[in-house]
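**Q** Mind looking over this structure? Questions follow.
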Amino acid sequence: MRILVIEDDHKVANFIASGLGQEGFAVDVLHEGTDAGAQALAYDYDAVVLDLMLPGRSGFQVLRDIRARKATLPILILTAKDSVEERVAGLDSGADDYMVKPFALAELSARLRAVLRRGAARENTLRVADLEVDTVRRLVRRAGRALELKPKEYALLEFLMRNSDRPVTKSLIIEHVWNIHFDSVSNVVEVHVNALRNKIDRGFDRPLLHTIRGVGYILTGDPQDK
């Protein structure tokens, strides 16, 4: 999942990015509103965390910019403005949720997962053959056996599961699982794919995660030609 955080306080932004990153989210950060709407439209983000008091353009202006072009993109407002009037204005302007600072990272993460599920009408359970992912509790099982995944491995698996039976390129994986500062020349994607393959395929009757030479990867329950 790729998240855009628009927050002018660098310490708060870094705190959010670090915390969400540890949970496997890919996080991009902007500190002003001037180009925020344009960036939200230019990239395929899964959700936006938006402060209201921003230099350049206000959070309300950014919210309207995004809503005009991406009506279903989940947006969570995170601000120090705590009056009922501000909350109502934020929600009426198109925000999916509204949180007030100071905040607990665990609650922010939980609310973000909730708006992600609501915003895209996402299924809580994903299945490919005998591989199952509970996206609410972030639990993975294959043939009833629990599998322990690291945060980035889980993020990679969830992305592949949501695109099951379709080839996905390395660049598409980078766009959704890592952030815009990621070095696309590195072999990190290959390393994570191999680690994930070892966990979800090793010891089972048939492999589900396949490499398509010259294209990328596919997660499927259908047999693949070697």
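**Q** Just to be sure before I move on: is Lys101 more than 16 Å from the chain's Cα centre (by Cα), free of Cβ contacts under 8 Å to residues at least 60 places away in the same chain and within 23 Å of Glu32 (Cα to Cα) in the structure I sent?
**A** Working: more than 16 Å from the chain's Cα centre (by Cα): yes; free of Cβ contacts under 8 Å to residues at least 60 places away in the same chain: no; within 23 Å of Glu32 (Cα to Cα): yes.
No: the conditions fail for Lys101.
**Q** If you don't mind, another one. Can you tell me which of (1) buried (at least 18 other Cβ atoms within 10 Å of the Cβ); (2) modelled with pLDDT under 90; (3) of a type in the set (Asp, Glu) is the one Glu153 doesn't meet?
**A** That leaves (2) as the condition not met.
**Q** Just one of the numbered conditions (1) exposed (fewer than 13 other Cβ atoms within 10 Å of the Cβ); (2) outside the structural domain of Phe15 (by TED's automatic domain parsing) is not true of Glu107; which one?
**A** That leaves (2) as the condition not met.
**Q** Does Glu132 meet the test of being outside the structural domain of Gln22 (by TED's automatic domain parsing), part of a strand (DSSP E or B), over 19 Å from Ile3 (Cβ atoms) and under 20 Å from the mean Cα position of the chain (by Cα)?
**A** It is true that Glu132 is outside the structural domain of Gln22 (by TED's automatic domain parsing), part of a strand (DSSP E or B), over 19 Å from Ile3 (Cβ atoms) and under 20 Å from the mean Cα position of the chain (by Cα).
The values are calculated or read from the model by the stated rules, or taken from the named source; none is laboratory data. Note that the structure is a prediction, hence the values are computed from the model and not measured. Counting neighbours? That spans all protein chains shown, and the Cβs are built from the backbone with ideal geometry, glycine included.
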